[in-house]
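A.B. asks: This is the structure, below, for whatever I ask next.
Quick note: the coordinates plus some simple rules give every number you see, no bench work behind them. Predicted model only: the values in this text are computed from it and were never measured. Positions of Cβ are generated from backbone atoms using ideal geometry, with glycine treated the same way; all protein chains shown enter the neighbour counts.
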Ligand SMILES: [Mg+2]
């Protein structure tokens, strides 16, 4: 198999470059009319393949295993493939969508609520609080006790 010699990298390759490469690959094979539903499904299937490499291992074991890291990088590429493919099929500008979502997340998770000086417990509490507010509840969210509830405990 003829494997290219790392002509792409995160610093210089754009999403447009990847879109072009994927479209060229697909066009040569006549793969241009898939149902977007199948593209979304393929994305999740590849994400599951990625997840499988973590099953029964700790994060540290994964980080330090060269063979697993290689397999993970292949699955990440598969996920990216289908994501870009779906973006092309639905005519969604992925970078623009990302920018808009980043702005929404900045509002949803404000820096003043998630400071690096907070404990993990404090951060988790705020996270579940937001999840509970946006989803109509969250099983791990424990609302703050009222003053009278605190006094009752004493
Ligand atoms: Mg795969």
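A.B. asks: Kindly state which helices (runs of 4 or more DSSP H) lie completely within region 94-154 and contain at least 2 residues that are over 30 Å from residue 82 (Cβ atoms) and without any contact (Cβ under 8 Å) to a residue 60 or more places away in the chain.
C.D. replies: Correct list: 120-135, 147-153.
A.B. asks: In addition: Among the residues of region 6-30, how many are within 16 Å of the ligand (Cβ to nearest atom) and surrounded by fewer than 13 Cβ atoms within 10 Å (Cβ to Cβ)? Outline the logic, then answer.
C.D. replies: In the first step, residues of region 6-30 are kept if they are within 16 Å of the ligand (Cβ to nearest atom); the result is 22, 25.
Next cut, surrounded by fewer than 13 Cβ atoms within 10 Å (Cβ to Cβ) only: 25.
Result for region 6-30: 1.
A.B. asks: Let me ask you something else. Please specify each residue of region 51-93 satisfying the condition of being over 17 Å from the mean Cα position of the chain (by Cα), away from the ligand (no atom under 16 Å from the Cβ), surrounded by 13 or more Cβ atoms within 10 Å (Cβ to Cβ) and in a helix (DSSP H, G or I).
C.D. replies: 62, 88, 89
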